[in-house]
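What follows is a short report on a single structure.
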Amino acid sequence: MEKRYFNPKIELLPREELGALQLKKLKKIINKVYKRVPHYRKKFEEAGVKPSHLKTLEDIRHFPFTTKEDLFVDYPFGLLAEPLEKVVRLHTSSGTTGKPKALFFSRKDVMAQAELIARSLVMSGATSGDILQNSMTYGLFTGALVMHYGAELLGMLVIPAGPGNTERQIELMRTFGTTCIHMTPSYALYVASLIQEKGLKPGKDLKLKRAYLGAEPYTEETRRKIEEMLKVDVFNCYGLSEMGGPGVGFECPVKEGLHLWEDAFLVEIVNPENGEPVKPGEVGELVLTSLNREAMPLIRYRTRDLTRFIPEPCSCGRTHVRIARILGRADDMFIVRGVNIFPQQIEGVLMGIKGVAQNYQIILEGYDEMTVKVEIDRDFFDGRIERLLKLKEEITEKLRQAIQVRPKVELVEPGTLPVSEGKAKRVIDKRTL
Ligand SMILES: [Zn+2]
């Protein structure tokens, strides 16, 4: 029989009991880092707090935040709360600082995260009979391996495909009857376009049912496009390597936000400017404390990801809090004519439009003027001006709907815009305000 919950006792735990469980775990973890991690002890002392000050969950506000800079103190082992003998896995997360963040996991940590994935997959309707093609990058990045362990725990057959070689991806799907895929939304779009190009009918030639998309923000429009092209049900998943990778938050079939597993994380949303909690439903920065982590607990970690709580209880019955899809990174936000905009919002729109190639750039100049330069497929430059103007109008209008500002759009040939290595510089701000 199909299971509706992987761990019903925890997933349906009444909020009061969930809070009591969190407090018990939080006290334990605060005590542990105070005793075992000199950097935490020093930070607590500087803030004038001791583990004994933590009497309620709200008291967490008196404890200092952990930022990505803290991960580079006594690098790479500085935040370990267990001896190395207990550590079984390293993952890294690339940052802008050059050195990657080093994140360590004990066997218990690996299995705990696998359970969060298994719960999330069951929540989406998956069973042990499903076949998961895992097309995230295997290696130092958490995306693929963590999903892999969780899917195996549920009993799915996992195809460790990794990304790229799209011809082979499609061949694997056909040969083994893949029912679920895990990949980035932009790659899913690419795979879908190749499937279409080959004349394959997803509902007939492929057995795909669900797509788990994460690792980069995307819009509802992109979701609908992928659902339509691949004939799948798309589930939004959220995670970050610092919090163990994917499985931190996952959509249930109601698809009104992502449940965050609160027996594993204490969830706060704060104003990114002053660190104060925002009002329920207001947008702010997601701050997470790992409640289960053994090897490297992180206390009040500033994710830099912006979202908001969805305060209403969910009709799926799970009591764990929901957040809205990630709106973007606090660091990437810019303001045009009083509107907060994220490059990801623009990317989400562009990547959902047929004819748009991979690269784009946002230029801000003069008195709050915004120009979006977009590389489009070469065959649009065949002299048919009307077709080109139509595409330009489509892009302009869709961007206006998404960001509430009407930008100037310039269409350019592929290869025109600078290609940067690593993190792309998408926004050039030349304003003289
Ligand atoms: Zn739900």
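For the chain, set up a Gaussian network in which alpha carbons nearer than 10 Å are linked by springs, and say which option among Gly338, Gly275, Gly355 fluctuates the most.
Gly338
Given a Förster radius of 22 Å and the C-beta distance between Ser128 and Arg174 as r, what FRET efficiency does 1/(1 + (r/R0)^6) yield to the nearest 0.05?
0.50
Give the distance, in whole Å, between the Cα centre of region 294-323 and the Cα centre of region 12-27.
The distance from the Cα centre of region 294-323 to that of region 12-27 comes to 14 Å.
Given the options Cys314, Cys237, Cys252, which has the most mean-square fluctuation in a GNM of the chain, springs set between C-alpha atoms less than 10 angstrom apart?
Cys314
Would you mind calculating the gained length between Tyr5 and Val412 on full extension (0.36 nm times residue separation, minus the Cα-Cα distance), in nm to one decimal?
Gain in length upon complete extension: 141.5 nm.
For region 168-310, report the convex hull volume of the alpha-carbon atoms normalised per residue, in Å³, without decimals.
128 Å³
Within 14 Å, Cβ to Cβ, of Leu200, how many net charges do the neighbouring residues add up to if Lys/Arg are +1 and Asp/Glu are -1?
+2
Relative contact order for the chain: what is it in percent, counting Cα pairs under 8 Å that are at least 6 residues apart?
Normalised by residue count, the contact order of the chain is 13 percent.
Given the Cα-Cα distance of His39 and Glu397 and 0.36 nm per residue of separation, how much length would full extension add, in nm?
123.8 nm
Can you give the Kirkwood hydrodynamic radius for region 189-253, in Å, rounded to one decimal and based on Cα pairs?
With all distinct Cα pairs of region 189-253 included, I get 12.8 Å.
Once fully extended, how much extra length lies between Ile353 and Phe77, figured as 0.36 nm per residue of separation less the alpha-carbon to alpha-carbon distance?
On the way: separation 276, 0.36 × 276 = 99.36 nm, distance 4.50 nm.
Fully extending the segment from Ile353 to Phe77 adds 94.9 nm.
How high is the FRET efficiency between Asp379 and Glu216 when r is their beta carbon distance and R₀ equals 25 Å, given to the nearest 0.05?
0.40
Could you pull out every one of the aspartates and glutamates with an alpha carbon less than 17 Å from that of Lys43, ignoring same-chain neighbours closer than 8 positions?
Leaving aside aspartates and glutamates fewer than 8 places away in the same chain, those within reach of Lys43 are Asp59, Glu69, Asp70, Asp74.
Given the pairs Lys209/Lys255; Lys255/Lys425; Lys42/Lys279; Lys32/Lys279; Lys354/Lys390, which are separated by over 21 angstrom at their Cα positions?
Beyond 21 Å: Lys255/Lys425; Lys42/Lys279; Lys32/Lys279.
What is the packing order of peptides 324-331, 45-52, 244-251, taking the mean over residues of other C-beta atoms within 10 Å and listing the highest first?
Put in order of decreasing packing, that is 244-251, 324-331, 45-52.
Quick one: the Cα spread of the chain along its three principal axes, in angstroms, biggest first?
73, 60, 40
Divide, for region 181-220, the radius of gyration over alpha carbons by 2.2 N^0.38 Å, where N is the residue count.
In units of the globular-protein estimate, region 181-220 measures up at 1.22.
Values quoted throughout were computed directly from the atomic coordinates according to the rules given, and no laboratory measurement underlies them. Since we're looking at a predicted model, the values are computed, not measured. Don't worry about glycine lacking a Cβ; one is built from the backbone with ideal geometry, like all the others, and counts go over all protein chains shown.
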